[in-house]
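Undergrad: After the structure tokens below, expect a handful of questions from me.
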Amino acid sequence: MKLSEYMQELNKVKMLEQAEEKELWYEFKHNHSTDARRRIIEAYQPLVFRTAMPFKDLENIMDVIQEGTVGLIESVESFAPDRGVAFSLFAVYRIRGRMYRYMKEEGNADIACLEAEMESGMSRLDMLVDTGTPVPELAEIHMASDMVMEAMDRLPQKEQLVLNQVLVNSQEVKDVADMLNVSTAHIYRLQKSGVRRVRGMLSRFMHNWK
């Protein structure tokens, strides 16, 4: 399968509502439902795709994605829903680890540079984290780049756009204001509101961490 075909298949994936996902995990873990297992793996395939995107220019990108899918399946098998941890946070490290190991075995020498770019991108998101958070919890949040991005994906469209442009892409506030044809004050309000929402989502996640 080509990357373009894979992306077309991803567009058909239906995201899970919270109640639906909870029921699927119950059916899989308690009743060993293969249908529930398949649906969970299918719903989280976009997580594999997002993790692979920094490497999209590699000739063997589909093999990288396949390795990530193996990591996703392993995560589904070993995940404990009752722990209260978001599955995307639990799974992303195994997905990424599978990808990195495969690429290193294949001799993709540019992995180190890409990893550094990803860390740099995460550092620009540090301001989303409440500095009053206890150090152990702060470390968990710092590692959870995908949780931050997932929270941002849930924002209203304009807040999401502003945070992506200003915090992730390091674009000047004035340039974003010009692009949206609004005042810089309005951009600052959208940024403040978006950051508050993201912090709220992360706080709820950390409250459930056990």
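Undergrad: Test each condition in (1) open to solvent by 40 Å² or more (accessible area, probe 1.4 Å); (2) of a type in the set (A, V, I, L, M); (3) modelled with pLDDT under 95 for Ile73 and report the one that comes out false.
TA: Ile73 satisfies every listed condition except (3).
Undergrad: Looking at this structure, is Met1 in contact with a helix residue (DSSP H, G or I) (Cβ under 7 Å, 6 or more places away or on another chain), open to solvent by 60 Å² or more (accessible area, probe 1.4 Å) and within 18 Å of Met99 (Cβ to Cβ)?
TA: On the way: in contact with a helix residue (DSSP H, G or I) (Cβ under 7 Å, 6 or more places away or on another chain): yes; open to solvent by 60 Å² or more (accessible area, probe 1.4 Å): yes; within 18 Å of Met99 (Cβ to Cβ): yes.
When the stated conditions are applied, Met1 passes them.
Undergrad: So, one more: When the range 175-210 is examined, which residues are found to be modelled with pLDDT of 80 or more and either open to solvent by 80 Å² or more (accessible area, probe 1.4 Å) or not in a helix (DSSP H, G or I) (or both)?
TA: Residues of the range 175-210 modelled with pLDDT of 80 or more: 175-200.
Selection gives Asp178, Met179, Asn181, Val182, Ser183, Tyr188, Arg189, Lys192, Arg196, Arg197, Arg199.
Undergrad: Could you figure out which of (1) assigned to a loop (DSSP other than H, G, I, E, B); (2) more than 22 Å from Met7 (Cα to Cα) isn't true of Glu77?
TA: Glu77 satisfies all of (1) assigned to a loop (DSSP other than H, G, I, E, B); (2) more than 22 Å from Met7 (Cα to Cα) except (1).
Undergrad: Now, a different point. List every residue pair whose Cβ atoms lie under 7 Å apart, where the two residues are 6 or more positions apart in sequence or sit on different chains, the first residue falls within the range 56-68 and is in contact (Cβ under 8 Å) with a residue 40 or more places away in the chain, and the second residue, located anywhere, is surrounded by 14 or more Cβ atoms within 10 Å (Cβ to Cβ) and of a type in the set (A, V, I, L, M).
TA: As it stands, the answer is Leu58/Val64; Ile61/Ala52; Ile65/Val48; Ile65/Ala52, since those pairs meet every condition given.
Undergrad: Would you point out the residue of the range 14-29, among those that are part of a loop (DSSP other than H, G, I, E, B) and modelled with pLDDT of 85 or more, that is nearest to Ala52 (Cα to Cα)?
TA: As a first pass, look at the range 14-29 and keep what is part of a loop (DSSP other than H, G, I, E, B): 14-17.
When the remaining residues are screened for being modelled with pLDDT of 85 or more, the result is 16-17.
Details: Leu16: 21, Glu17: 24 Å.
For the range 14-29, the residue satisfying everything is Leu16.
Undergrad: Being modelled with pLDDT under 55, open to solvent by 30 Å² or more (accessible area, probe 1.4 Å), farther than 23 Å from Arg39 by Cβ and small (Gly, Ala, Ser), is that true of even one residue in the range 88-97?
TA: no
Undergrad: Right, next: Of the residues that make up the range 30-46, is at least one among the hydroxyl-bearing types (Ser, Thr, Tyr), in contact with a Lys or Arg (Cβ under 9 Å, 6 or more places away or on another chain) and assigned to a helix (DSSP H, G or I)?
TA: So far as the range 30-46 goes, no, none of its residues is among the hydroxyl-bearing types (Ser, Thr, Tyr), in contact with a Lys or Arg (Cβ under 9 Å, 6 or more places away or on another chain) and assigned to a helix (DSSP H, G or I).
Undergrad: Ok, one more. State the number of residues belonging to the range 157-174 that are outside any helix (DSSP H, G or I) and at pLDDT below 85. Walk me through it before giving the result.
TA: Our first condition is that a residue be outside any helix (DSSP H, G or I); within the range 157-174, this holds for 169-172.
From what is left, the residues that are at pLDDT below 85 are 169-171.
Of the residues in the range 157-174, 3 are outside any helix (DSSP H, G or I) and at pLDDT below 85.
Undergrad: Tell me whether the range 47-55 contains one or more residues that are open to solvent by 30 Å² or more (accessible area, probe 1.4 Å) and over 24 Å from Met152 (Cβ atoms).
TA: Quick first cut of the range 47-55, residues open to solvent by 30 Å² or more (accessible area, probe 1.4 Å) only: 49-50, 53-54.
Retained after the next criterion (residues that are over 24 Å from Met152 (Cβ atoms)): none.
Among the residues of the range 47-55, not one is open to solvent by 30 Å² or more (accessible area, probe 1.4 Å) and over 24 Å from Met152 (Cβ atoms), which makes the answer no.
The values are calculated or read from the model by the stated rules, or taken from the named source; none is laboratory data. Since the model is a prediction, treat every value here as computed from it, not as a measurement. Methodologically, a virtual Cβ is constructed for each residue, glycine included, from the backbone with ideal geometry; neighbour enumeration extends over all protein chains shown. Keep in mind that these areas ignore ligands, DNA and RNA; they rest on the heavy atoms of the full protein, side chains included. Shrake-Rupley method; radii C 1.70, N 1.55, O 1.52, S 1.80 Å.
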